[in-house]
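The values are calculated or read from the model by the stated rules, or taken from the named source; none is laboratory data. Please read all numbers here as calculations on a predicted model, not as lab measurements. All Cβ positions, even for glycine, are placed from backbone atoms using ideal geometry, and neighbour counts span all protein chains on display.
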């Protein structure tokens, strides 16, 4: 019989190891969301809805959702999902989690600072090796007034401030810091470029509002345009 809150079933490390689960990672950052009308074309996927070409009953609402994490989290991969609003993923998981936090319109979500985790979406897919896997989607657990509040929540949850690159710490100039910031920014520039059909001007307009990007690169520079071009061709940079 357990006493003083002690659970004897936790006394065997092999038993504990047998029942261990991986805690989902929490991501803190800014939400970006866009919506557009589409139709689901066989063999193609989502295409822009054209009332002169498509039937009204075939119209669906595409949702492009992404999160730009705080720089301190050092997330160098894209956090993005593209879904249909009339799907179980959006209507049953993502949007209810935002509504539970007080949002009444999807428009309110764009630009919000929040915390989310990736959870099972209920959809299965077949990996390239033939293994069946469960797809994930975003579930939001908190929204914050601004970036500072989001960062404070991240730190309070055990997150750590980003350490300076080794060159900077050694007093050898700021180039290492710039390279680090740019390496963090590039995946997000490419994600925005993809959302905007690789249109440089439209991508600039979105990126100008993102501190994580503007502190790393001038969006009016040829280098920025090259990153967008590389995103379209699948280039390394």
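Only a single criterion out of (1) modelled with pLDDT under 90; (2) in a loop (DSSP other than H, G, I, E, B) is not satisfied by residue 52, namely (1). Of everything in the range 58-94 that is part of a loop (DSSP other than H, G, I, E, B) and over 12 Å from the mean Cα position of the chain (by Cα), the residue that is surrounded by the most Cβ atoms within 10 Å (Cβ to Cβ) is 87.
Using the structure shown, decide if residue 69 is in contact with a strand residue (DSSP E or B) (Cβ under 7 Å, 6 or more places away or on another chain) and modelled with pLDDT under 85. No; evaluated as a whole, the condition is false for this residue. The condition (being under 31 Å from the mean Cα position of the chain (by Cα) and modelled with pLDDT under 80) is satisfied by just one residue among 13, 8, 24: 24.
Remark: pairs (first residue in the range 79-105, at negative phi and free of Cβ contacts under 8 Å to residues at least 60 places away in the same chain; second residue part of a helix (DSSP H, G or I) and surrounded by 18 or more Cβ atoms within 10 Å (Cβ to Cβ); Cβ separation under 7 Å; 6+ apart in sequence or on different chains) = 83/89; 83/90; 84/90; 98/109; 103/109.
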